[in-house]
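So the structure is just underneath, and the comments pick up after that.
The values are calculated or read from the model by the stated rules, or taken from the named source; none is laboratory data. Note that this is a predicted model, so its numbers are computed, not measured. Glycine gets a Cβ as well: all are built from the backbone with ideal geometry, and neighbour counts include every protein chain shown.
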Amino acid sequence: MNQPQDPGGSYLVYPQSLRAAAESIFRASDAVARFGQTELPGRHLADGDLGILGRISGLTDLYNGVVEAMANRRRSSANILRDFATVTDKAADYYETVDEEGYREMKKTGAGIK
């Protein structure tokens, strides 16, 4: 059943909205992971790519360090998003169960069901 839950009397929870949010977060996690697999590889510079000034100034190493840091953060960010999506999906499961239990109880007692 897709009715909002109000277990504590202070808020309503729509399980289908939680489920939709979880799906969006899973897609974001996948997009972040793909970015690291498709956009970052091959972005490192070789010593001569910026010429002698790039090598002397250390700009090539600095740039490569930034690319590596982005790759590391991308992995971490994708994992955090995936964990958040999983928890959100589990919350939707919980509220769907609460909703089903409430419906069964109402049906059993005849309250509000015609």
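Can Asp30 be described as out of contact with any Ser or Thr (no Cβ under 6 Å at 6 or more places or on another chain), surrounded by 13 or more Cβ atoms within 10 Å (Cβ to Cβ) and not β-branched (Val, Ile, Thr)?
Against the criterion (out of contact with any Ser or Thr (no Cβ under 6 Å at 6 or more places or on another chain), surrounded by 13 or more Cβ atoms within 10 Å (Cβ to Cβ) and not β-branched (Val, Ile, Thr)), Asp30 qualifies.
For Tyr95, state whether it is over 23 Å from the mean Cα position of the chain (by Cα) and either modelled with pLDDT of 95 or more or aromatic (Phe, Trp, Tyr) (or both).
No: the conditions fail for Tyr95.
Taking the conditions exactly as written (assigned to a loop (DSSP other than H, G, I, E, B) and at pLDDT 85 or above), does Leu45 satisfy them or not?
yes
Quick grid of which residues meet (1) touching a residue at least 60 places away in the same chain (Cβ under 8 Å); (2) assigned to a helix (DSSP H, G or I); (3) within 26 Å of the chain's Cα centre (by Cα):
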{"site": "Ala28", "(1), (2), (3)": "no, yes, yes"}
{"site": "Asp49", "(1), (2), (3)": "no, no, no"}
{"site": "Leu53", "(1), (2), (3)": "no, yes, no"}
{"site": "Leu62", "(1), (2), (3)": "no, yes, no"}
{"site": "Val66", "(1), (2), (3)": "no, yes, yes"}
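Hey, among Leu18, Leu40, which residue is surrounded by 12 or more Cβ atoms within 10 Å (Cβ to Cβ), of a type in the set (A, V, I, L, M), touching a residue at least 24 places away in the same chain (Cβ under 8 Å) and outside any helix (DSSP H, G or I)?
Leu40
Quick one: how many residues across the range 37-66 are polar (S, T, N, Q) and closer than 22 Å to Ala78 by Cα?
Qualifying residue count for the region: 3.
Could you list, in sequence order, all residues of the range 20-68 that are out of contact with any Lys or Arg (no Cβ under 8 Å at 6 or more places or on another chain), under 30 Å from Tyr95 (Cα atoms) and among the small types (Gly, Ala, Ser)?
Within the range 20-68, Ala20, Ala21, Ala22, Ser24, Ala28, Ala31 meet the criteria.
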